[in-house]
Amino acid sequence: MMGISYKLDNFEGPLDLLLHLIEKNKVNIYDIPIVTITQQYLDYVSHMETEDLNIVSEFLVMAATLIDIKARMLLPKEVNEEGEEEDPRAELVARLLEYKYYKYMSLELKDREVGAERLFFKDSTVPPEVAKYEPPVDLDKLLDGLTLAKLQEIFRAVTKRKSDRVDPIRSRFGNIRKESVSLEDKIQSVMQYAREHRRFSFRRMLERQADKIEVVVTFLALLELMKIGKIRLTQEHLFDDMLIETLEAEGEEGELDLTDIMEDGAGFGGEDTDG
């Protein structure tokens, strides 16, 4: 028998030892010379000095597996249902390939970890005033693909649904007082809704309003929020419903500063009118 000249290294398991023997003998992993590898494997196991039964048992189980494969290689080859000869080494080869894949992957990750330890990052020296700077909103880019015809179509559809819900009989009873609708309050309300839902339907937002006045004010509030860069409209496909998406970071709270928008308390309302 050819002598084995290697140190008794600490292998991570029986598969690690088998892979070492295959690479040391420079043999094809798909065509393992089972007699040679088994003999060398058993020689290694006989020199093991560990007293840990769990470790020893793992190596002994693999030794039994190799001896079983060696015995089956001496017998006539078995044929499967498809008429192909079965190789007794096939299952062992599959396990070795899987182990080799994960072993080399772990070595690659270890090299990257070592490389990462040599990297140092410089703290930012950008002044806070510069870091907080936000470029002006490009309305052309923000409203890209949004046409007046599309907005008009949505507005007509919403107002039509509102009128369809009105009971033609009960709407004639009594007087209905229209409460003043503040554009400033509506902007704050829509922004709060956007913060809670992050992404929602433009059409459904308008349909949630109680009457035409609220629809108009909500529509204007959305336009103002788009103008100051708080939200944006998107449409994934042609003829799809447009979606509103907030551009604020998640967790933002507090009312918006609308002093540049509202010079004085703007409101929409009307006189008492017969229903």
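The values are calculated or read from the model by the stated rules, or taken from the named source; none is laboratory data. Because the structure is a prediction, the values reported are computed rather than measured. Counting neighbours? That spans all protein chains shown, and the Cβs are built from the backbone with ideal geometry, glycine included. Heavy atoms of the whole protein, side chains included, go into the accessibility calculation; ligands, DNA and RNA do not. Shrake-Rupley method; radii C 1.70, N 1.55, O 1.52, S 1.80 Å.
Brief remarks follow.
- Gain in span if fully extended, Gln235 to Phe120, counting 0.36 nm per residue against the direct Cα distance: 37.1 nm
- Distance histogram for segment 24-79 (every C-alpha pair counted, 10 angstrom bins, percent rounded to whole numbers): 20, 45, 28, 6, 0
- Surface exposure of segment 40-128, expressed per residue as accessible area with a 1.4 Å probe, stands at 82 Å².
- Around the amide H of Ser182, modelled in the peptide plane, lie the amide H atoms of Phe268, all under 5 Å away and 5 or more residues distant in sequence or on another chain.
- Computed from phi, the 3J(HN,Hα) profile of segment 16-31 under the Karplus parametrisation 6.51, -1.76, 1.60 (θ = phi - 60°) reads 5, 5, 4, 4, 4, 5, 5, 5, 5, 7, 6, 10, 6, 5, 7, 9 Hz, with x in place of Gly and Pro.
- Once both labels are positioned 7 Å from their Cα atoms along Cα-to-Cβ, the gap between Ile55 and Glu86 label points is 3.5 nm.
- Among 54-63, 227-236, 183-192, sorting by the average number of other beta carbon atoms lying within 10 angstrom of each residue, highest first, gives 183-192, 227-236, 54-63.
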